[in-house]
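Notes for the one structure printed next.
The values are calculated or read from the model by the stated rules, or taken from the named source; none is laboratory data. A quick note: this is a predicted structure, and the numbers were derived from the prediction, not measured. Here the Cβ positions follow ideal geometry from the backbone for every residue, glycine too, while neighbour counts run over all protein chains shown. Surface areas here come from the heavy atoms of the whole protein model, side chains and all, with no ligands, DNA or RNA. Shrake-Rupley method; radii C 1.70, N 1.55, O 1.52, S 1.80 Å.
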Amino acid sequence: MTRKRVLSGIQPTHDSFHLGNYLGALKQWVDLQEEHDAFYCVVDLHALTIETEPALLRKRILASAAQLLALGVDPDKCTLFLQSHVPAHNQLGWIMECLAGFGEASRMTQFKDKSQKTGTDRTVVGLFTYPMLQAADILLYQADLVPVGEDQRQHIELTRDLAGRFNSRYGQAFQLPDAYILKSGAKINDLQEPTSKMSKSANSMQGVIELMDTPEINVKKIKSAMTDTGREVVFDEKEKPGISNLLTIHSALSGKKISDIEKEYEGKGYGDFKAGVAEVVVEVLRPIRQRALELLEDETYLLKILTGGALKARAVAEKTMANAYQNLGLVQ
Ligand code: AMP
Ligand code: TRP
């Protein structure tokens with residue numbers, strides 16, 4: 001039986017990934033590489049939708065690759081590469097832009113949110129065409145599954161629509177992908193504002209747990225997490241969003257059921273519970289940070305992995321691309 005194909009990508013827009021990225025997406029990357037044919041890319045071209053200093057972008061691309069390897073993405077089990085190393089992404093991106101309707105692209109909530117924040121005058125066209133490049137990322141590899149957080153569901157739906165449209169208009173060229181979204185961890189919220197998602201673009205980093213922060217900083221952030229009225233540790237997203245978020249984090253990292261964690265803290269206060277959550281978080285993140293720092297010391301090794309990944313990725317992508325061009329009637 002052939003293994004199912006998985007593809008996912010993450011933007012190198014910050015120095016560190018955060019706990020939402022890890023639990024919402026990256027942990028699944030690691031799990032899925034075991035039994036699937038997985039392709040994972042650092043989507044450095046997508047990151048150009050945000051203006052960054054060249055030296056900083058370069059640093060963040062390498063830091064992203066290092067963190068992925070450190071958290072368990074294994075180049076012997078999957079293909080890890082940089083999007084810009086495979087030119088077919090741009091080639092298929094254009095084809096996708098020619099298939100997508102203006103109205104359909106205008107309905108993407110991520111575009112609406114981000115462009116609203118930036119203001120129309122300063123929003124680049126690349127932010128608008130971003131989902132079509134994402135569709136290309138996925139379709140080039142004939143992916144069956146795309147592990148992402150809940151906020152990416154709409155982009156995967158669009159990818160399916162575009163693939164279906166191409167196939168019916170020009171002949172079969174693309175596999176229709178499914179989003180792979182876990183219930184637990186699909187949405188980790190900000191520790192200070194537990195009703196909004198943990199995000200790198202939050203107003204303050206106080207509620208964001210970063211993989212590359214020191215254990216001390218992360219313990220402090222968890223201990224000062226916003227909690228709710230009352231003192232029982234029970235899961236209730238409406239009445240106790242803060243405690244529920246911490247329970248979700250604990251459960252996703254420790255593997256314990258939420259009901260068991262509730263029992264463990266019965267009769268104890270929020271303070272004890274937060275200390276327990278901090279311990280679980282630090283235990284998981286400490287070795288990841290350590291390993292990522294070591295990898296960043298050895299750029300030659302990192303580049304070797306990425307070059308090897310690009311070779312494998314290019315072979316698959318170029319095949320899909322040639323077939324798509326052929327179907328379109330472009331002279332080969
Ligand atoms: P981003 O940081 O928006 O580039 O997202 C990278 C990946 O992490 C995507 O698959 C997101 O769906 C996922 N993700 C981002 N923030 C969260 C969050 N707070 N909870 C769960 N998943 C998230
Ligand atoms: N848009 C995704 C995000 O914001 C990143 C991304 C780009 C992606 N290309 C992808 C995710 C392909 C999955 C598959 O997180």
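Here are the numbers:
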item	result
Residue among 181, 50, 61 with the largest mean-square fluctuation in a Gaussian network model of the chain, springs linking Cα atoms under 10 Å	50
Percent of Cα-Cα distances greater than 30 Å, calculated over the chain	38 percent
DSSP-loop GluC sites (Glu not before Pro) across the stretch 220-285, with at most 14 other Cβ within 10 angstrom	237, 239, 266
For q = 0.14, 0.18, 0.20 Å⁻¹, Debye-computed log10 I/I(0) when each Cα of the stretch 35-161 counts as one equal scatterer	-0.68, -1.12, -1.34
Qualifying trypsin sites (Lys or Arg not before Pro) for the stretch 26-81 [loop in DSSP, other Cβ within 10 Å: at most 16]	77
Directionally averaged projected area (convex hull, Cα atoms, the stretch 233-296), nm²	4.8 nm²
Debye, to nearest 20: dipole size of the chain, +1 on Lys, Arg Cβ, -1 on Asp, Glu Cβ	460 debye
Kyte-Doolittle mean at least -0.5, axial Cα span of 18 Å or more - DSSP H helices of the chain	54-70, 125-139, 241-254, 270-296, 299-328
Cα-based Rg of the stretch 220-332 normalised by 2.2 N^0.38 Å, two decimals	1.79
P(r) histogram, all alpha-carbon pairs of the stretch 54-97 included - 5 Å bins from 0, percent	5, 18, 19, 20, 17, 14, 6, 0
Dipole axis of the chain (+1 Lys, Arg; -1 Asp, Glu on Cβ), positive-most option in 172, 30, 258	172
nm² value of the averaged projected area, convex hull over the Cα atoms of the stretch 221-266	3.1 nm²
Rounded Å value of the spacing that divides the Cα centres of the stretch 278-321 and the stretch 124-199	22 Å
Rough spin-label spacing in nm, given labels placed 7 Å along Cα→Cβ, for residue 102 and residue 263	6.0 nm
With DNA, RNA and ligands ignored, accessible area of residue 130 (1.4 Å probe; Å², nearest 10)	20 Å²
Cα radius of gyration and Dmax for the stretch 119-159 (Å)	12.0, 38
Sites matching trypsin sites (Lys or Arg not before Pro) across the stretch 159-237 that sit in DSSP coil, with at most 12 neighbouring C-beta atoms within 10 Å	183
Value of Rg/Rh across the stretch 120-252 [Cα atoms, Kirkwood radius]	1.10
Cα gyration tensor of the stretch 92-145 - equivalent ellipsoid semi-axes, whole Å, descending	23, 11, 10
Separation in nanometres of the label points that stand 7 Å from Cα toward Cβ, at residue 237 and residue 304	4.6 nm
For the stretch 20-63: Kirkwood Rh in Å [reciprocal of mean 1/r, alpha carbons]	12.3 Å
Alpha carbon convex hull of the stretch 147-222, volume per residue in cubic angstrom	119 Å³
